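The values are calculated or read from the model by the stated rules, or taken from the named source; none is laboratory data. The structure displayed is predicted, hence computed values, not measured ones. We place every Cβ from the backbone using ideal geometry, glycine too, and count neighbours over all the protein chains shown. Note: areas computed on protein heavy atoms with side chains; ligands, DNA, RNA excluded. Shrake-Rupley method; radii C 1.70, N 1.55, O 1.52, S 1.80 Å.
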Amino acid sequence: MPLYLGLDSSTQGLTAIVISVEGEDRRVVFESSLSFDESLPLYGTTHGVLPRTDQKIATSSPLMWAEALDLLIARVATSSLDRRQIAAVSGSAQQHGSVYLNAAWSQVVRALDASRPLVPQLRSVFAREESPIWMDSSTGEECAEITASVGGPDVLARRTGSRAFERFTGPQIRRFFKRSPENYRATARVHLVSSFLASLLSGTDAPIDHGDASGMNLMDLATRDWWQDAVHATAPELRDKLANVAPSTTVIGTLSPYWQGRHGLPAAKVIAWSGDNPCSLIGTGLVREGRVAVSLGTSDTVFGLMREPRVDVTGTGHVFGAPTGDYMGLTCFQNGSLARERVRNELGMDWAAFSRALATTAPSVRIMLPWFEPEITPAVPIAGVHRYGPWDTRPEAEVRALVEAQMMAMALHSRWMGVEIDTIHATGGAAANRSILQTMADVFGATVYQLEVGQSAALGAALRAAHADLAAGDSPAEWEEVLRGFVEPVATTRLAPDARRHEFYRELMRVYAACEAHALGRGPDPEPLLRQLQEHA
Ligand code: ADP
Ligand code: XUL
């Protein structure tokens with residue numbers, strides 16, 4: 001009975017899911033997570049991020065990700081599973097983060113010694129000790145330079161799927177080249193978090209898959225190869241430092257002698273890793289156009305499959321390659337779970353009290369713009385929370401204003417995808433919270449489902465491993481067949497929108513958009529609109 005292992009190296013921790021896929025017996029047979037802050041305290045991260053001196057800079061430690069991999073694989077290997085049955089492994093990782101490796105890397109990764117742990121063997125392979133991650137917004141200047149060099153934001157968006165975004169890997173590489181030219185020169189390979197960890201597992205210099213490569217502002221969506229103009233605009237001699245791009249279904253090798261010798265794992269196939277959002281597309285079952293998923297993780301994201309790459313003319317969204325070979329549309333919000341946690345902590349609540357606050361209050365006419373951190377959508381370079389309308393200082397009103405704001409922002413900024421959203425698959429840590437999901441249903445006017453497996457990125461990676469293994473053998477299977485039984489929305493978790501509340505939110509969303517425009521210096525004072533709606537309500 002073949003087992004498939006999916007790993008997810010997210011912002012805050014590492015998760016492993018093992019599935020068994022045999023005829024009608026299709027189940028998750030193992031699940032385990034570790035938190036970077038708690039399990040690896042020596043690295044000194046908070047929520048997976050190294051100490052920050054500047055609110056625009058966010059980095060993490062590639063060595064810590066490697067150590068986490070060693071720790072969690074040990075847990076898989078010593079569990080009650082029959083580890084010899086593991087047929088294939090794939091992974092998911094936070095997108096955009098980059099790892100800078102020197103000339104020693106390609107030799108070291110091929111020759112990892114099973115008699116010693118991973119970390120000491122990797123100490124000398126980095127041309128940069130820290131990896132900039134998706135929360136970094138320090139590259140405004142580099143975004144402008146790359147954009148100008150390739151002929152403007154529309155050209156860049158049409159070719160690569162996104163205009164230049166601060167967190168995307170191209171602008172990050174350019175900043176590194178400008179600030180540390182020596183270390184840039186010493187860089188032989190730039191990996192993404194996904195391809196770095198795939199390299200460690202396979203003992204090869206792994207390719208970057210189409211899904212994660214489209215979060216770099218460097219790949220041509222049409223040819224699915226590096227786009228020369230963008231590569232030239234980003235940094236000198238960059239082409240040689242980039243690995244090849246490959247389909248997400250690529251078998252890149254087998255678990256290297258390190259994992260076999262140290263942890264007793266078999267020579268299972270290693271399938272190209274991808275980004276957490278492309279993996280979640282699979283793990284939430286969205287292999288057809290029409291539905292969307294909302295992931296309430298460290299970041300909040302809205303995404304769905306697209307047959308054609310319809311690029312966002314408003315410039316907020318992204319088009320990525322999907323693991324199915326199609327495309328996916330995605331909009332990302334930085335002020336997701338950490339903003340909810342922050343408000344919850346400031347009000348001295350636990351999640352139960354947070355939920356009660358939502359359940360015991362009604363919508364009203366006031367708007368919070370919850371930019372506790374610099375925001376990605378809309379682009380807000382300097383953090384700052386804004387409030388409009390008569391302010392209600394009760395703690396429960398604060399909770400409602402925050403969650404309503406997050407949901408209205410997601411509904412407004414996913415319109416570019418052109419999908420009539422009537423059904424949402426909710427995932428990510430906060431999707432456990434039904435009061436948050438009810439607010440989502442009311443704001444979007446859509447039916448919301450929770451999924452059986454909450455860890456959709458790790459599940460998606462395990463399902464990708466199964467799909468690629470079957471495709472490489474004699475019995476390739478359609479995606480629907482691989483997903484069957486794993487990703488169905490649970491009927492009993494269905495949350496229907498309240499029609500009256502949705503009517504109200506449709507009006508409130510116009511006001512929200514006006515407040516956003518005002519706060520960004522692009523629109524008039526929204527107070528008259530707020531008063532108008534108050535008189536109506
Ligand atoms: P990641 O993006 O790192 O994979 P997860 O999807 O695991 O993150 O989500 C982690 C977040 O889930 C935590 O930061 C926490 O704020 C949030 N969370 C966990 N339980 C709840 C809950 N009951 N209600 C709201 N948020 C929750
Ligand atoms: C997507 C994005 C985040 C990260 C971390 O563009 O930046 O969702 O992938 O989860």
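Any idea what % of Cα-Cα pairs in region 59-150 are farther than 19 Å? Counting every Cα pair in region 59-150, those more than 19 Å apart make up 58 percent.
Net charge in the neighbourhood of Ala409 (other residues with Cβ under 11 Å of its Cβ; Lys, Arg +1, Asp, Glu -1) is -4. To the nearest ten degrees, helix 499-519 and the longest principal axis of the Cα atoms of the chain are 80 degrees apart. Against the chain, whose longest principal axis is taken from its Cα atoms, helix 169-179 shows a tilt of about 80°. Binning all Cα-Cα separations of the chain at 20 Å, short to long from zero, yields these whole-percent fractions: 23, 57, 19, 1. For region 242-331, the list of trypsin sites (Lys or Arg not before Pro) that fall in a loop by DSSP and count at most 12 other C-beta atoms within 10 angstrom reads Arg307. For region 296-386, taking the reciprocal of the average inverse distance between every pair of different Cα atoms yields a Kirkwood hydrodynamic radius of 15.4 Å. The H on the amide N of Gly253, modeled in the peptide plane, is under 5 Å from the matching H of Val270, each at least 5 residues off or on a different chain.
On the basis of the beta-carbon distance and an R0 of 45 Å, Val119 and Glu420 show a calculated FRET efficiency of 0.35. In the chain, the calculated helix contribution to ellipticity at 222 nm averages -11000 deg cm²/dmol per residue, counting -39,500 (n - 2.57) for every DSSP H run with n ≥ 4. Between Arg356 and Glu182, the FRET efficiency from the beta-carbon distance, with R0 = 41 Å, is close to 0.15.
Of the GluC sites (Glu not before Pro) in region 22-79, the ones in a loop by DSSP (not H, G, I, E or B) with at most 16 other beta carbons within 10 Å are Glu24. Treating each Cα of region 87-245 as an identical point scatterer and summing with the Debye formula, the log10 of I(q)/I(0) at q = 0.13 Å⁻¹ comes to -0.57. For the chain, find the longest principal axis of its Cα atoms and tell me its angle to the long axis of helix 140-150, 0 to 90°, nearest 10. On a 0 to 90 degree scale, this one is about 70. Remark: region 329-343, residue by residue, has Karplus-estimated 3J(HN,Hα) of x, 8, 10, 10, 10, 6, 8, x, 4, 5, 5, 4, 5, 5, 5 Hz, where x stands for each Gly or Pro and the curve is 6.51 cos²θ - 1.76 cosθ + 1.60 at θ = phi - 60°.
Provide the per residue accessible area, probe 1.4 Å, for region 487-537, rounded to a whole number of square angstrom.
Result: 63 Å² per residue.
Solvent-accessible surface of region 318-361, taken per residue with a 1.4 Å probe and all protein chains present: 33 Å². Of the GluC sites (Glu not before Pro) found in region 88-192, the ones in coil according to DSSP and having at most 14 other Cβ atoms within 10 Å of their Cβ are Glu129.
Note on Asp474/Ala517: beta-carbon distance plugged into 1/(1 + (r/R0)^6) with R0 of 56 Å gives a FRET efficiency of 0.45. Counted over the chain, the DSSP beta bridges are approximately 70% antiparallel. Here the Karplus relation 6.51 cos²θ - 1.76 cosθ + 1.60, evaluated at θ = phi - 60°, turns the backbone of region 123-130 into coupling constants of 3, 9, 9, 9, 8, 8, 5, 10 Hz, with x for every Gly and Pro.
In this label model, Val490 and Ala383 are separated by 3.4 nm, measuring between points 7 Å along each Cα→Cβ vector. Proximity of backbone amide H atoms, modeled 1.01 Å from N, is registered between Ala93 and Ser9, Ser274, Gly275, Asp276 at under 5 Å, excluding neighbours fewer than 5 places apart on the same chain. Taking amide H positions as modeled 1.01 Å from N, with prolines and chain starts lacking one, the residues under 5 Å from Ser60 and 5 or more places away or on another chain are Leu50, Ser131, Ile133.
Values of log10 I(q)/I(0) for region 93-134 across q = 0.30, 0.31 Å⁻¹ run -1.03, -1.05, by the Debye formula with one identical scatterer at each alpha carbon and no solvent.
Carbon and sulfur together cover what percent of the accessible area of the chain at a 1.4 Å probe radius? Heavy-atom surface of the chain belonging to carbon and sulfur, 1.4 Å probe: 49 percent. The residues of region 97-232 expose on average 34 square angstrom of accessible surface per residue, using a 1.4 Å probe on protein heavy atoms. Magnitude of the charge dipole for the chain, about its Cα centre and with charges confined to Cβ atoms of Lys, Arg (+1) and Asp, Glu (-1), is about 480 debye.
Once the Cα-Cα distance is subtracted from the 0.36 nm per residue extended length, the Thr53 to Ala103 segment shows a gain of 15.0 nm. Couplings 3J(HN,Hα) of region 313-328, computed from phi: 6, 7, x, 9, x, 10, 10, 10, x, 9, x, 7, x, 8, 10, 9 Hz, in residue order, whole Hz [Karplus 6.51 cos²θ - 1.76 cosθ + 1.60, θ = phi - 60°; x for Gly and Pro].
For the pair region 299-349 / region 105-161, the C-alpha centres are spaced 21 Å from each other.
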